[in-house]
Amino acid sequence: MAITADRRHFLVTAAATAVGLRLGFCLPPKAFSATAENSGSAPINAWLHIAPDGIVTIMVPVSEMGQGVYTALPMIVAEELECDWKNVRAEMAPASPVYAHPESGVQYTGNSTSVTAFFDPLRHAGAAAREMLRKAAAERWNVAPSECNAIKGRMVHKDSGREADYGDLADAASRQQPPRSIELKRRSEWRLIGTSPPRLDTLPKVEGSAVFGIDVQLEDMLVGTVIACPVFGGTLVRVDNSPALAVSGVHSVVSLHNAMIVLADSYWSALKGAKALSPEWSYGANANLTNEALRRTLHDGLGDKGATARTIGSVEAASAGATRNVEAIYEVPFLAHAPMEPMNTTAHIRPDGVEIWAPTQVQGRVQREVASMLGLTPEQIRVHTTFLGGAFGRRLETDFVLQAVAAARDAGRPVKLIWSREEDFRHDYYRPAAVSRLRAALDADGMPISWEHRIVAPSVSSRFEPDAVRNGIDPIAVEGAVDLPYAIKAQHIDYVMKNVPVPIGYWRSVGHSHNAYFVECFVDEIARATGKDPLRLRQELLVSRPRHLAVLEKAASAAGWNDPLAAGRYRGLALHECFGSVAAQVVEIATADGKPVRVERVTCAIDCGVVVDPDTVAAQMEGGIVLGLSEALHGDVRIEGGIVQQQNFDTYRVLGLAEMPKIEVHLIESDAKIGGVGEVGVPPIAPALANAVFAASGRPVRKLPIPFG
């Protein structure tokens, strides 16, 4: 496929340097406009570098939090570049408008778009470099470029057999004019994409050279920890700093409007100093906030007038011919992100700007907010993105970064701020709790002919992206509900926004995490109300969705859905589409004395279109299943007196090794557009588990978490 520069707004630039070929390109128009506006010039920057020794270093514009982008994105470049994988290296890109997300114009990592958004731009980058190397070889040998082939990091003249390594050609290639049109490899020609080469972050993580945020060390650095008002919205009234200052190693105490930061020579000293303090807080209006009050608020929303998110046909007309109606109310709790690496940032304020080392998902936002805080320009804020020890959406926030900057400003020295685990749990931006009511009218054959779905939940977008809320609809709250794959001729989905005084934020798979549970559990209730097999009902409702049907049937057949089960064993299944991919999961549980006691097996199938790295896709699905199971079995943020009661993993449990089921992941490669995978494994697991418990007990599971044991 030949792509012209004008048609795809593609631009390359090469610069001759002492160290080889450096190549850059411009992102698509939306990102171009945003960056040009911010920087005053075209957003051209190096994306790959070929050194004289043939080592190819590829810049990674998004954060590596375990999802594999440190390998997958270089694979895309290397595929088109035709270089030898053993010579490929990756490097975290700096915070810069030129690394902005192609779809949003802002540098960030989220929404399962790291590979999907950069897939085409990075293919162009690799192909452009390949053609510049080809021209350099052709000029050296005085032959036509078409006579030179790129093979594993070398250019080969097919008639004479002459060869030249990329490193030998790099300097000459850097002086070539960028190609005006680019020939991308056909899918049938891919040799690297679709395989699983060694990950580029495995060795540094194993040998300990990988730098996570918590690992950063600077000369003359202080280490700080924070103690914040335990009640949401509370403020600091006064505090006597002397008990903390009496602790050996403590340097100072920084007071903020709702918190204190203790700075010391070590984290241990800072933590001891923080525990020695007895601050006086003003708890404010949320001092009596409880889970039960929050729950009542959400349930009350079921009686309010909702904003219409989607309507197909007439629910009233379809319902008039019904022979049976089914109705259910479901609810899910607030959830914490609980990444293994607690919140941390290292900040150094210099005369000419600020340097920040942070495990962040939002480099661009960090630049803007720190610049605003200090009266600087974003260009004066240099952000080094470290490896992230988990995120799940928590590191889309900047609260911990701004605290570190405030502490560094007060201390006049570099500061590494580390939150304690207790602060991490009590001051998260939680996955919203939600309540949902579903109604369906069935015909004489037990098929749903109308579908009504009301969602009551706080709005994440109202805080984070208010312009996205239109006509009373937060698209995050209704995602996974408004795009129902099932063929039901009359549908009405509405939303009641019930904002509550609990800080909420994006959580892995966001609205899909609760709407998949609501929808898929209700489909099972419809099936069992009419005596239909849950798989068979879904098959009948997916006759016009071959992609969904193939995924569903692959998961069911791999799990042996129609095979007899041993006594005390039961299965449940769920299907969900999100982030451009379709996944289905079958959960098998064991029971004892009629009670569910263990998840034995999870069988998963996914169609994400192009599969760049099969092992990474499978790992992401496995990770999503583990997270989703943890929350379905244990996840529940409890609030009493405005204070989150969980303070560590002993009271906010994640799945332990003894609880781990056997997991199988089956990849279905299709001609569909490449889809995301980072969050896709989460939504189906809770409803599949709930449906297995329903099959075992005969009672629907309408509230999470599910009691086991």
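Quick notes
- Of the helices (runs of 4 or more DSSP H) contained entirely in region 242-311, those carrying at least 2 residues that are within 30 Å of Thr346 (Cα to Cα) and open to solvent by less than 40 Å² (accessible area, probe 1.4 Å) fall at 267-276.
- Within region 375-406, the set of residues being in contact with a helix residue (DSSP H, G or I) (Cβ under 8 Å, 6 or more places away or on another chain) and part of a strand (DSSP E or B) comprises Ile381, Val383, Thr385, Phe387.
- For region 339-350, the set of residues classified as open to solvent by less than 20 Å² (accessible area, probe 1.4 Å) and among the hydrophobic types (A, V, I, L, M, F, W, C) consists of Met343, Ala347, listed by residue number.
- Yes/no for Gln380 being under 22 Å from Val262 (Cβ atoms) and open to solvent by 20 Å² or more (accessible area, probe 1.4 Å): no
- Which listed residue is open to solvent by less than 60 Å² (accessible area, probe 1.4 Å), closer than 24 Å to Leu704 by Cα and charged (D, E, K, R), from Arg538, Arg528, Arg598: Arg538
- Summed over region 73-89, the residues that are at negative phi and either crowded, with 22+ Cβ neighbours inside 10 Å or among the β-branched types (Val, Ile, Thr) (or both) give a count of 11.
- Asp615 open to solvent by 30 Å² or more (accessible area, probe 1.4 Å), outside any strand (DSSP E or B) and within 30 Å of Ala285 (Cβ to Cβ): no
- Criterion (touching a residue at least 24 places away in the same chain (Cβ under 8 Å) and farther than 28 Å from Thr360 by Cβ) met by exactly one of Ile349, Ile312: Ile312
- Condition check for Pro700: open to solvent by 10 Å² or more (accessible area, probe 1.4 Å) and at pLDDT below 95: no
- Those residues of region 562-573 which are of a type outside the set (Gly, Ala, Ser) and surrounded by fewer than 19 Cβ atoms within 10 Å (Cβ to Cβ), in sequence order: Asn562, Asp563, Pro564, Leu565, Arg569
- Elements of type strands (runs of 3 or more DSSP E) contained in region 127-183, each with 2 or more residues being modelled with pLDDT of 95 or more and surrounded by 16 or more Cβ atoms within 10 Å (Cβ to Cβ): 148-151, 154-157, 163-165
- Residue count for region 679-693 satisfying the condition of being open to solvent by less than 20 Å² (accessible area, probe 1.4 Å) and either out of contact with any strand residue (DSSP E or B) (no Cβ under 6 Å at 6 or more places or on another chain) or assigned to a loop (DSSP other than H, G, I, E, B) (or both): 7.
- Contact map, region 207-222: first residue over 20 Å from Val405 (Cα atoms), second residue of a type in the set (A, V, I, L, M), Cβ cut-off under 9 Å, separation 6 or more or different chains; pairs are Ser209/Leu203; Ala210/Leu203.
The values are calculated or read from the model by the stated rules, or taken from the named source; none is laboratory data. Since this is a predicted model, take the numbers as computed values, not measurements. Here Cβ is always computed from backbone atoms with ideal geometry, including for glycine, and neighbour counts include all displayed protein chains. Note: accessible area is taken over every heavy atom of the protein model, side chains too, but ligands, DNA and RNA are not part of it. Shrake-Rupley method; radii C 1.70, N 1.55, O 1.52, S 1.80 Å.
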